[in-house]
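Working notes, structure below.
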Amino acid sequence: MMKILLTNDDGIFSEGLAQCYEALSSIGQVWVFAPDRERSASSHSLTLDLPLRATEIRNNWWAISGTPTDCVNLGVLHFMKGNWPDLVVSGINFGINLGDDVTYSGTVSATFEASILGIAGVAISQEMGIEVDLKRTAALSARIILFLKSKKLLENSTIFNINFPKGTPKGISFCHLGKRHYEESVVENTDPRGKRYFWIGGAPTHTEPEKGTDFEALLKENISITPLHLDLTDYEKLKICKEIEEELKGVME
């Protein structure tokens, strides 16, 4: 059976985490290392200026006083040292992680850390609404993971970002990341002591999603699955730059 490290960014007591644990336990051995509180939008932050604390709340369930990235790092390099997981799963997150939002997401960033460590990662997020069934999402996630594994797609540093629609899924789409558009907004106000404070925000604007994107998949009430990687190199731009590399030497003179 697979050895699976499970984490999230909603915290150790999240219902999404509990449902995911139950479903994944049917396909592998699961260790849980999750933040002791909500860490949404923590991105790929690693705690370096404070010590981390780990509390075992039940067998192989650890609450970590850090970010999702900390949880993966501590789980793999310390608690599972010599017995590394085959897969890191992050979720089920309350709310979707589509397009540019993956760069902010603590849920997705946990899989980034897995990839850096040479382990495959799967991030699972759920669109919220009254029709949400986390038990169904967890069960489908386990089946999707088994499918990807059977196709040898969960090897080495592979990352998959999966998003579920709020209702019963009508299908599954492999797709690329789209572009989320927000209203640019910073709210300025004054606290009771007369000091200014700022609140960064801005609601998403309604735009027609690009064809083949994760946004389009969710709009069609499909499950979106997007393979990701951490190489941020712009290879087209690099090709152009290499052609003028000799000219750049003049800057050194």
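A few points about this structure:
- Amide hydrogen proximity for I223: with H placed 1.01 Å from N in the peptide plane, the residues at 5 or more positions away or on another chain lying under 5 Å are K170, G171, I172, S173.
- Computed FRET value (nearest 0.05) for N156 with R196, which takes r as the C-beta separation and R₀ as 45 Å: 0.40
- Label-reachable residues, region 211-239, where backbone N falls under 12 Å from a point 7 Å from I172's Cα toward its Cβ: 223-226
- Near F160, the amide H atoms lying under 5 Å from its own belong to G121, V122, A123, L228; only residues 5 or more places off or on other chains count, and H is placed 1.01 Å from N.
- Of F147, F174, the residue with the largest accessible area leads and the full order is F174, F147 (1.4 Å probe).
- Members of K149/K242; K166/K237; K152/K211; K151/K220 lying beyond 30 Å, as alpha-carbon distances in this model show: K149/K242; K166/K237
- The phi torsions of region 214-224, fed into the Karplus equation with coefficients 6.51, -1.76 and 1.60 and a -60° offset, translate into couplings of 5, 5, 5, 4, 5, 4, 7, 6, 9, 6, 9 Hz, rounded to whole numbers, with Gly and Pro shown as x.
- Beta-bridge orientation, the chain: approximately 35 percent antiparallel, per DSSP, counting only bridges with both partners inside.
- Accessible area expressed per residue, the chain, with surrounding protein chains retained (probe 1.4 Å, Å²): 57 Å²
- Highest-first packing order for the peptide set 68-79, 185-196, 150-161 is 68-79, 150-161, 185-196, based on the mean count of other beta carbon atoms within 10 Å.
- Share of Cα-Cα pairs in region 82-221 lying beyond 27 Å, as whole percent: 30 percent
- Shown for the chain: the carbon plus sulfur share of the solvent-accessible area, taken with all protein chains present and a 1.4 angstrom probe, equals 54%.
- For the pair L146 and M1 in one chain, pulling the backbone fully straight at 0.36 nm per residue adds 51.1 nm over the alpha carbon distance.
- Using Cβ point charges alone (K and R +1, D and E -1), the dipole size of the chain about the Cα centre works out to roughly 900 debye.
- Accessible surface comparison of L117, L24, probe 1.4 Å, protein chains only, largest first: the order is L117, L24.
- GNM flexibility winner over the chain from K237, K81, K149 (Cα, springs under 10 Å): K237
The values are calculated or read from the model by the stated rules, or taken from the named source; none is laboratory data. Bear in mind the structure is a predicted one, so any value in this text is a computation, not a measurement. Methodologically, a virtual Cβ is constructed for each residue, glycine included, from the backbone with ideal geometry; neighbour enumeration extends over all protein chains shown. The protein model used for the area step is the full one, side chains on, heavy atoms only, and it has no ligands, DNA or RNA in it. Shrake-Rupley method; radii C 1.70, N 1.55, O 1.52, S 1.80 Å.
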